[in-house]
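The structure under discussion appears below in the form of structure tokens.
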Amino acid sequence: MTRTEPMNTRAASRHSVLISGASIAGPALAFWLNRAGFAVTVVEKAAAPRRGGYPIDVRGTALDVVERMGILPRLREAHIDLHRMTFLDAEGGEVASLHPHTVSGGAAGHDLEVRRGDLTDALYTAVRDDVEFLFNDSINTLDETGHGVDVTFRSGGSRTFDMVIGADGAHSHTRRLVFGAEASFHHYLGYCFGIFTLPNAFGLSHETVMWNTPGRAAALYAVGATEEVHAFLNFAHPQPSFDTFAEPEAQRELLAEVFADAGWEVPGLLAALRDADDLFFDTVSQIRMPQWYSGRVALVGDAAYAPSFLTGQGTSLALVGAYMLARSLTSRFGDHAEAFAAYERDTREFVTLNQALVSKGGATLFPTTARALEQRNARLRTLAAMPAAEARPAHSALALPEFQNMQ
């Protein structure tokens with residue numbers, strides 16, 4: 001991408017920002033802050049931008065963000081055109097087969113679904129020549145002073161920044177350092193899940209197949225005519241303590257125990273799970289905070305307001321939040337307190353509306369009782385005979401304001 005010239009290079013030398021996290025919100029924020037003339041550093045604990053990953057959605061207002069960044073054409077080329085989503089009963093029989101947008105509330109022909117790695121690569125490519133990246137490192141300590149934030153890094157170095165932004169995910173280390181333990185902001189939604197890849201021995205292409213029994217679901221995602229598919233196992237579970245399933249072996253054992261008597265293709269999935277080297281296991285949760293900033297430190301994306309995958313809006317909230325935070329810092333250059341307050345004031349309603357979508361996602365995908373599953377299946381059969389629904393209003397509830405010059 002062509003180098004983006006700062007609006008005010010002289011001002012940038014006086015305002016430095018450290019962003020923790022180089023997934024989605026972090027590079028997006030770095031793009032807009034660099035454009036505004038800030039000196040931006042991004043620190044990331046991984047050794048390089050993360051490739052691969054499961055499919056993610058970009059919808060509504062977030063499409064305006066990526067269009068203004070100039071990466072929309074690239075994402076259109078990477079779009080995964082899923083043709084159908086098929087729901088199965090306990091015996092593996094078909095309940096209903098629908099267009100994925102009928103379930104997600106997306107806008108067919110407009111919204112995007114891309115591999116996570118394709119989006120992170122597009123974001124990184126857009127800023128890598130203009131922004132400093134510190135890979136294989138992370139923040140160790142933060143100490144706010146009258147002149148900025150003194151930061152020590154895990155690698156042993158130390159620097160001072162005017163502001164620090166946590167964009168390091170739902171389990172944010174930055175949030176813990178500044179705002180306290182995750183338990184204070186973590187709202188468990190009643191499920192645990194695991195995702196991993198395995199060979200596509202199922203003949204699946206451009207589709208998702210989901211098997212359900214009360215409180216359990218297993219799915220296969222084929223993002224194309226590929227050699228691999230993503231396997232997904234989800235189950236209802238009493239709220240675990242934060243360290244209950246910290247070890248991968250404990251995660252595998254729990255999944256094997258919960259799905260031990262499951263039918264369909266699940267026995268084969270469990271066998272593949274034993275050899276999978278990319279298992280990602282977590283609880284289904286939201287992050288809800290009374291305030292997204294403290295002093296010279298603010299949070300963005302999942303670190304501040306993870307909505308959970310049940311909403312399908314985590315990526316979109318990260319992109320929109322990054323834009324809104326950068327815009328507020330740009331229009332109130334030199335007054336971080338006012339800028340952080342404006343960012344939260346102008347963005348929180350959009351976040352709240354999209355976090356509220358969780359009830360629809362849970363009811364559709366993961367009923368926990370036999371009665372609820374019967375009702376869900378009846379609704380799916382009705383939907384299968386109807387045209388795809390219109391996009392959900394929450395996806396576009398925020399009209400993206402113009403990016404203003406610094407004052």
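The values are calculated or read from the model by the stated rules, or taken from the named source; none is laboratory data. This is a predicted model, so every value here is computed, not measured. Reconstructed Cβ throughout: ideal geometry from the backbone, glycine too, with neighbour counts over all protein chains shown. What goes into the accessible areas is simple: the full protein's heavy atoms, side chains included, and nothing from ligands, DNA or RNA. Shrake-Rupley method; radii C 1.70, N 1.55, O 1.52, S 1.80 Å.
Annotations for the structure displayed:
- In region 309-324, the residue that is surrounded by the fewest Cβ atoms within 10 Å (Cβ to Cβ) out of those that are farther than 11 Å from F350 by Cβ and hydrophobic (A, V, I, L, M, F, W, C) is F309.
Yes or no, residue by residue, for (1) open to solvent by 20 Å² or more (accessible area, probe 1.4 Å); (2) assigned to a loop (DSSP other than H, G, I, E, B); (3) farther than 24 Å from L112 by Cβ:
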site	(1), (2), (3)
A337	yes, no, yes
N354	no, no, no
T368	yes, yes, yes
H395	no, no, no
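- Residue within region 30-47 that is under 23 Å from D111 (Cα atoms), open to solvent by 20 Å² or more (accessible area, probe 1.4 Å) and of a type outside the set (A, V, I, L, M) present: no
- Subset tally (residues that are within 23 Å of P214 (Cα to Cα) and open to solvent by less than 80 Å² (accessible area, probe 1.4 Å)) for region 227-249: 10
- In the condition set (1) part of a strand (DSSP E or B); (2) within 25 Å of S172 (Cβ to Cβ); (3) in contact with a Leu (Cβ under 8 Å, 6 or more places away or on another chain); (4) not β-branched (V, I, T), A231 is compliant with all but (2).
- The residue of region 48-75 that is least open to solvent (accessible area, probe 1.4 Å), among those that are part of a helix (DSSP H, G or I) and among the charged types (D, E, K, R), is D64.
- Qualifying residue in region 366-377 (condition: of a type in the set (S, T, Y) and within 28 Å of G92 (Cβ to Cβ)): yes
- The C-beta contact set for region 140-167 (first residue in contact (Cβ under 8 Å) with a residue 12 or more places away in the chain, second residue assigned to a loop (DSSP other than H, G, I, E, B) and among the hydroxyl-bearing types (S, T, Y), distance under 6 angstrom, 6+ apart or interchain) comprises R154/S138; G166/S172.
- Residues located in region 262-306, provided they are under 25 Å from R327 (Cα atoms), free of Cβ contacts under 8 Å to residues at least 60 places away in the same chain and assigned to a loop (DSSP other than H, G, I, E, B): P290, Q291, W292
- The strands (runs of 3 or more DSSP E) located wholly in region 83-184 that include 3 or more residues which are within 24 Å of the chain's Cα centre (by Cα) and surrounded by 20 or more Cβ atoms within 10 Å (Cβ to Cβ) occupy 112-115, 163-166.
- Filter pass, E344 being over 30 Å from G148 (Cβ atoms), modelled with pLDDT of 95 or more and assigned to a helix (DSSP H, G or I): no
- Among residues of region 112-139, those that are free of Cβ contacts under 8 Å to residues at least 60 places away in the same chain, touching a strand residue (DSSP E or B) at 6+ places or on another chain (Cβ under 7 Å) and of a type in the set (D, E, K, R), counted: 1
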